[in-house]
Amino acid sequence: MARAIWSGALNFGLVTVPVELYSATQDHTVHFRQFQRGTSDRIRYRRVNERTGEEVPYDEIVKGYDLGGDEYVLIEPGELDEVAPGRSRTIDIDAFVDLEEIDPIYFQKTYWLAPSKEEFGRAYTLLIEAMAKTNRAGLARFVMRGKEYIAAVRAGDGVLVLNTLLFPEDIRVPEQEISKLPTGVEPRGKEVDMAVSLIESMAEEWQPEDYHDTYTERVMQLIEDKREGRTITPAEEPREATKVVDLFEALSRSVEGRKQGGEQEAEARPKRAARSGGTSGGEAKSRSKQAEPDLSEATKADLDRMARELDVKGRSRMNRDELEKAVRAASKRQDRRRAS
């Protein structure tokens, strides 16, 4: 069972909910220790005085800020503690913003917020429901482990999620950092159209369980192979970059390949249906109607996804009920167009 790493109160207007903070992610990186080649001797790091070469006890070490030109300002640990913000006991939501307005570059780390006691479950659930219906995140500041954070509190699947955010000064400007960004390069219209077709042909719903850390899996396989004395199979070399003159041809072949794959899948469906007994036209229509989702049971996130697929305008400003009406109306329009 996970342990809370912070406890305090979440303030939402005049509503206060005592909460606990839990890490939502974990590091699964394969860690190694260092050895001298040809021996079983571990490599150790020590804090030594660069002038005398002698090891320095931890309690005799102070911090130094580099001013340049071998000049430093020395700071005692106690002096840092005096200016550090106190251990915050509250997460005060100051404002709400649409989740889509937060650029993903600002997201830093994800945590879960849980009520500290069962008696606070009603107020906690109220916040989840309200945030889910509005699709908004609460912006707040709080202090943890001597550091101040700006955070976005949002509704998850039955849990409040807190994402720590980077401050604007943490974000670099690409034009100032990268000298090789293309300028004055305009792709041809037919290339753009073909690239759009390829993207649309590859579009699918986000299924995180379909993705795995294959590099870590290969590292663990390497460890197992070496332990058992088996031959190591090297990874494939990466593909060469597409040449500019072949760009349109590469896009065209990619789109054609996706189409052929879809046709093969479509051809396989009737065969599977025949093996399972098949259906008549009337039965298929009846089942299609039964398979239509009940929008009244759909979550706001589901409705937002449907609205995006139906190209409903102004969806980011709609609440859940408005989204349901818009999706229902757009679906009927789409059905009428198909029927005609």
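The values are calculated or read from the model by the stated rules, or taken from the named source; none is laboratory data. On a predicted model such as this, the values are computed, not experimentally measured, just so you know. Cβ: placed from backbone, ideal geometry, glycine included. Neighbour counts: every protein chain shown. The accessibility values were calculated without ligands, DNA or RNA, using every heavy atom of the protein model including side chains. Shrake-Rupley method; radii C 1.70, N 1.55, O 1.52, S 1.80 Å.
Scan the range 87-101 and tell me whether some residue there is over 30 Å from Arg122 (Cα atoms), among the charged types (D, E, K, R) and surrounded by fewer than 10 Cβ atoms within 10 Å (Cβ to Cβ). No, the range 87-101 contains no residue that is over 30 Å from Arg122 (Cα atoms), among the charged types (D, E, K, R) and surrounded by fewer than 10 Cβ atoms within 10 Å (Cβ to Cβ). Among residues of the range 102-124 being open to solvent by 90 Å² or more (accessible area, probe 1.4 Å) and not in a helix (DSSP H, G or I), the one that is farthest from Leu21 (Cα to Cα) is Gln108.
Each row is one residue, and each column tells you yes or no for (1) within 30 Å of Phe107 (Cβ to Cβ); (2) in contact with a helix residue (DSSP H, G or I) (Cβ under 7 Å, 6 or more places away or on another chain); (3) open to solvent by less than 100 Å² (accessible area, probe 1.4 Å).
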site: Ala2; (1), (2), (3): yes, no, yes
site: Leu21; (1), (2), (3): yes, no, yes
site: Thr25; (1), (2), (3): yes, no, yes
site: Glu50; (1), (2), (3): no, no, no
site: Glu60; (1), (2), (3): no, no, no
site: Gly68; (1), (2), (3): no, no, yes
site: Val73; (1), (2), (3): no, no, yes
site: Pro77; (1), (2), (3): no, no, yes
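Screening Asp246 against (1) within 30 Å of Ala140 (Cβ to Cβ); (2) of a type in the set (Asp, Glu); (3) at pLDDT below 80 leaves a single unmet condition, (1).
Under the condition of being aliphatic (A, V, I, L, M) and either farther than 30 Å from Ile91 by Cβ or in a loop (DSSP other than H, G, I, E, B) (or both), the residues counted in the range 12-69 number 9. Within the range 158-198, the set of residues being surrounded by 10 or more Cβ atoms within 10 Å (Cβ to Cβ) and without any contact (Cβ under 8 Å) to a residue 40 or more places away in the chain comprises Phe167, Asp170, Arg172, Pro187, Val192, Asp193, Val196. Taking every residue in the range 128-145 that is on the phi < 0 side of the Ramachandran plot and buried (at least 18 other Cβ atoms within 10 Å of the Cβ) and pairing it with any residue that is hydrophobic (A, V, I, L, M, F, W, C) and assigned to a helix (DSSP H, G or I), at least 6 positions away or on another chain, the pairs with Cβ-Cβ distances below 6 Å are Ala137/Leu99. Tell me, which residue of the range 33-82 that is among the basic types (Lys, Arg) and touching a strand residue (DSSP E or B) at 6+ places or on another chain (Cβ under 9 Å) is farthest from Gly146 (Cα to Cα)? Checked the range 33-82; the qualifying residue farthest from Gly146 (Cα to Cα) is Arg42.
Tally time: how many residues in the range 309-340 are part of a helix (DSSP H, G or I), open to solvent by less than 40 Å² (accessible area, probe 1.4 Å) and under 20 Å from Arg136 (Cα atoms)? Within the range 309-340, residues that are part of a helix (DSSP H, G or I), open to solvent by less than 40 Å² (accessible area, probe 1.4 Å) and under 20 Å from Arg136 (Cα atoms) number 6. Looking at the range 125-167, which of its residues are in a strand (DSSP E or B) and farther than 30 Å from Leu80 by Cβ? Those that are in a strand (DSSP E or B) and farther than 30 Å from Leu80 by Cβ: Arg136, Ala137, Gly138, Arg154, Ala155, Leu160, Val161. Given the structure, is Gln290 open to solvent by 90 Å² or more (accessible area, probe 1.4 Å) and at pLDDT 80 or above? Judged against the criteria, Gln290 is not a match.
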